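What follows is a short report on a single structure.
The values are calculated or read from the model by the stated rules, or taken from the named source; none is laboratory data. Please read these numbers as outputs of a predicted model, since none were measured by experiment. With ideal geometry, Cβ positions are generated from the backbone for all residues, glycine too; neighbour counts draw on all protein chains shown. Please note that ligands, DNA and RNA were not included when accessible areas were found on the heavy atoms of the full protein model with its side chains. Shrake-Rupley method; radii C 1.70, N 1.55, O 1.52, S 1.80 Å.
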Amino acid sequence: MANLLWLQGGACSGNTMSFLNAEEPSACDLVTDFGINILWHPSLGMELGDNLKGLLQSCISGATPLDIFVFEGSVVNAPDGTGEWNRFAGRPMKDWVRELSDVAQFVVALGDCATYGGIPAMAPNPSASKGMQFLKREHGGFLGTDFAAKSGLPVINIPGCPCHPDWVTQILVAVASGRAGDLTLDEFQRPKTFFSSFTQTGCTRNMHFAYKVSATEFGQRKGCLFYDLGCRGPMTHSPCNRILWNRQSSKTRAGMPCLGCTEPEFPFFDLEPGTLFKTQTVMGVPKDLPTGVDKTGYVKLTGAAKAASPQWAEEDMFVV
Amino acid sequence: MSDDAIRAEAEDLLKNGLQTDVFPRADDQTQIQEIIYQLQNGDGSLKERLVVGGFTLDPVSHEGLEQACETCMYYLVHRRYCELPELDVPVEAEWSCRLWRI
Ligand code: SF4
Ligand code: SF4
Ligand code: SF4
């Protein structure tokens with residue numbers, strides 16, 4: 001039996017909603033089949049007021065062993081480093097976060113806000129929000145660079161806005177079933193099993209990407225969304241086209257560009273106004289090229305690919 | 001009108017000296033938006049699209065890149081067509097306009 005406690009900071013509850021939609025395994029499977037005991041969760045917990053405070057304190061004292069501490073949302077530090085803007089169970093949430101992280105075997109940050117600060121940490125960051133162990137790209141965040149949970153692992157980051165439900169439940173099951181040793185994390189402490197490949201891996205529009213046939217409007221049944229509609233699939237690490245959303249489809253399959261929500265820069269507030277869904281170009285060449293590709297190579301390759309594109313690539317395809 | 005007929009009409013206009021706004025090229029987002037705005041708020045005629053788009057019958061070399069429809073991402077190779085919604089016009093591979101992007 002693994003005790004799990006889930007708290008929310010500066011959050012919209014999106015990751016909770018996503019988690020409750022999990023299917024493989026489902027949130028119920030976690031309890032019935034995988035021995036996860038949910039001590040408390042903002043949407044599922046029964047305790048209120050002093051009872052909840054007592055539960056949190058018993059985790060901190062060690063009377064109730066805390067195996068997995070899940071945090072959703074940013075850690076709010078305003079005003080003046082006090083964290084008073086986000087009070088919970090009688091004190092600033094950040095104080096609970098610090099003390100619970102210190103006693104937990106594993107700490108899991110869910111969603112962009114908990115991992116990198118996300119939308120609340122966008123400049124000018126009025127709530128002085130931080131991610132658990134990162135602030136955007138910068139290592140450290142709220143808990144600091146040296147933080148490690150009792151298991152020895154740093155915060156396990158599962159980014160996304162929100163993160164896919166199965167990424168959450170599969171990691172929780174791995175941890176609860178003693179297979180955390182199999183987890184390897186990348187430079188942003190994301191499990192490599194999910195975040196080594198790109199959103200583009202498995203996208204049904206890859207042939208259009210290769211032949212440089214562009215979609216020019218949302219939802220078109222042909223064309224790649226990179227060239228005109230700002231798709232960040234070739235530079236975003238996520239398994240969105242391997243582990244499908246609702247087990248059916250993905251944003252790019254349905255004709256919507258990937259916004260790069262698993263990367264620390266999301267939501268890319270340095271984009272020029274009006275360019276969220278528009279590929280930014282400099283002298284006609286995309287400003288952000290696919291990871292590992294340089295401008296000269298890109299221009300040569302796309303010119304050649306375009307010349308070789310077959311007729312079918314210009315016609316509607318079933319891409320759902 | 002068929003694609004061929006519209007393409008021929010465009011070619012005639014350009015060959016007969018229609019002055020188009022070849023420069024400045026749309027080098028950044030602001031310039032792109034300005035040209036697109038002009039196109040969206042114009043009368044939509046073929047002549048106006050050619051003028052505002054800055055069409056030429058030959059590729060324009062700009063900042064070391066040859067900007068021809070042939071390599072532009074809005075160009076449909078087999079239909080010989082510009083699919084940029086604001087232009088939406090049959091073209092030839094060696095034509096060019098200032099909204100070119102690769
Ligand atoms: S739509 Fe996006 S993810 Fe799909 S092939 Fe194009 S760039 Fe890649
Ligand atoms: S497709 Fe892109 S924006 Fe959408 S969920 Fe996946 S990584 Fe995030
Ligand atoms: S946008 Fe591209 S394809 Fe269309 S006319 Fe201009 S250069 Fe040609």
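Assorted remarks:
- Output for the range A:88-114, where each listed residue is assigned to a helix (DSSP H, G or I), closer than 23 Å to A:A2 by Cα and open to solvent by less than 10 Å² (accessible area, probe 1.4 Å): A:W96, A:V97, A:L100, A:S101, A:G111, A:A114
- Among the residues of the range A:250-261, at least one is within 13 Å of ligand 1 (Cβ to nearest atom), more than 17 Å from the chain's Cα centre (by Cα) and among the hydrophobic types (A, V, I, L, M, F, W, C).
- Within the range A:259-282, being touching a Leu at 6+ places or on another chain (Cβ under 8 Å) and modelled with pLDDT of 90 or more holds for A:L259, A:F266.
Let's see how each residue does on (1) more than 24 Å from A:E217 (Cβ to Cβ); (2) surrounded by 18 or more Cβ atoms within 10 Å (Cβ to Cβ):
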residue: B:A10; (1), (2): no, yes
residue: B:F23; (1), (2): yes, no
residue: B:I35; (1), (2): no, yes
residue: B:N41; (1), (2): no, no
residue: B:R49; (1), (2): no, yes
residue: B:L99; (1), (2): no, yes
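- Taken together, the residues in the range A:208-218 that are more than 9 Å from ligand 1 (Cβ to nearest atom) and open to solvent by 40 Å² or more (accessible area, probe 1.4 Å) amount to 3.
- Residue check, A:A148 without any contact (Cβ under 8 Å) to a residue 24 or more places away in the chain and in contact with an Asp or Glu (Cβ under 9 Å, 6 or more places away or on another chain): no
- The range B:82-97 - residue that is within 9 Å of chain A (Cβ to nearest Cβ) and buried (at least 19 other Cβ atoms within 10 Å of the Cβ) and, of those, nearest to ligand 3 (Cβ to nearest atom): B:L84
- Cβ-Cβ contacts under 6 Å between residues 6 or more apart (or on different chains), taken from a first residue in the range A:284-302 that is touching a residue at least 40 places away in the same chain (Cβ under 8 Å) and within 24 Å of B:Q31 (Cα to Cα) to a second residue that is in a loop (DSSP other than H, G, I, E, B) and not polar (S, T, N, Q), are listed as A:T302/A:K212; A:T302/B:I102.
- Considering only residues in the range A:63-80 that are in contact with a helix residue (DSSP H, G or I) (Cβ under 7 Å, 6 or more places away or on another chain) and outside any loop (DSSP other than H, G, I, E, B), the one that is farthest from A:L4 (Cα to Cα) turns out to be A:V76.
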